[in-house]
Amino acid sequence: MISNDLKGKTALVGGSTQGIGLASAQAMAELGARCILVSRNEEKLRAAVGMLNTAAGQQHGYLVADYSRPEELRDIVANFLQQNQVDILVNNTGGPAGGPVTQAKTDEFLNAFNQHLVCNHILTTLVAEGMKQRGYGRIINIISTSVKIPLQGLGVSNTIRGAVASWAKTMANELGQFGITVNNVLPGATSTERLAAIVGNKSAKSGKSEEEVEREMMAEIPARRFGKPEEIAAVVAFLATPAAAYVNGTSIPVDGGRTGSI
């Protein structure tokens, strides 16, 4: 049986002080990985590190970096890599604000492009060389089910997420020969702060209560409920393991069945 043990592996996890990012770090830590959390809020990073499972040999840590400043992120991670290796990279950061694409400003696209695609590319190219040398690497991108079917009212997000998915597939094709996999996890409606913001925005625009908005959203999900961050994290953790070595270049919805495509 192929191992799902992550002992001896180091995971760099973006947007990991809350939600899916934190849950992913927790899931990988439970499998034995050393987790390095990345976010801009040092106080929250300290608290999140303290929530991770710690066993023999695990020394979790964090890097303070802002994804809205790609070059700063590059310098911080490059400095870390001078004395550390990264075997697993989870590309994850907060999504763009909602709104119709016809009302989106040019700067909104540019900012989202930098925070998502550009930062993903910077981090991947930084860690890929070491992964090649060791013959093992896992790049896991947290995106959205909008790469399958665009979501109403998320114009900028739909656009940028699609670009990230195409970038990831291209990267998977080029890195697969080195024992490095690149996959996308596509969360559906998941109980996080971002979902709460989306519900609040829909409520304000429609005049409906947040409870009514939530009921309507759940009615579109075959599972009839929102997902939990740890349910998304379980898929992330699997993709990080040796057991997932032959899963490459995929976009996997974890959405209770809501996405209408096969």
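Does Ala196 count as among the small types (Gly, Ala, Ser), part of a helix (DSSP H, G or I), without any contact (Cβ under 8 Å) to a residue 60 or more places away in the chain and surrounded by fewer than 18 Cβ atoms within 10 Å (Cβ to Cβ)? Here the answer is yes, as Ala196 does meet what is asked. On inspection, Ser166 fails the criterion of being part of a helix (DSSP H, G or I), free of Cβ contacts under 8 Å to residues at least 24 places away in the same chain and surrounded by 15 or more Cβ atoms within 10 Å (Cβ to Cβ). All of (1) farther than 24 Å from Ala168 by Cβ; (2) in contact with an Asp or Glu (Cβ under 7 Å, 6 or more places away or on another chain) hold for Gln103 with one exception: (2). Summed over segment 220-237, the residues that are over 11 Å from Gly188 (Cβ atoms) and either buried (at least 17 other Cβ atoms within 10 Å of the Cβ) or at pLDDT below 95 (or both) give a count of 5.
May I ask you to verify whether Gly227 is within 19 Å of Met28 (Cβ to Cβ) and free of Cβ contacts under 8 Å to residues at least 60 places away in the same chain? Taking the combined requirement at face value, the residue satisfies it. The strands (runs of 3 or more DSSP E) located wholly in segment 51-152 that include 3 or more residues which are assigned by TED's automatic domain parsing to the domain that holds Leu175 and buried (at least 19 other Cβ atoms within 10 Å of the Cβ) occupy 88-91, 137-142. Only residues that are free of Cβ contacts under 8 Å to residues at least 40 places away in the same chain, within 19 Å of Glu193 (Cβ to Cβ) and surrounded by fewer than 23 Cβ atoms within 10 Å (Cβ to Cβ) were counted across segment 19-45, and they come to 6. Screening Arg258 with (1) touching a Pro at 6+ places or on another chain (Cβ under 8 Å); (2) in a loop (DSSP other than H, G, I, E, B); (3) under 23 Å from Ile2 (Cα atoms) gives one miss only, at (3). In segment 1-18, of all residues being within 13 Å of the chain's Cα centre (by Cα) and assigned to a loop (DSSP other than H, G, I, E, B), the one that is surrounded by the most Cβ atoms within 10 Å (Cβ to Cβ) corresponds to Ser16.
The values are calculated or read from the model by the stated rules, or taken from the named source; none is laboratory data. Small disclaimer: the values here were computed from a predicted structure and weren't measured. Because the Cβ atoms are built from the backbone with ideal geometry, glycine has one as well, and the counts that use them run over all protein chains shown.
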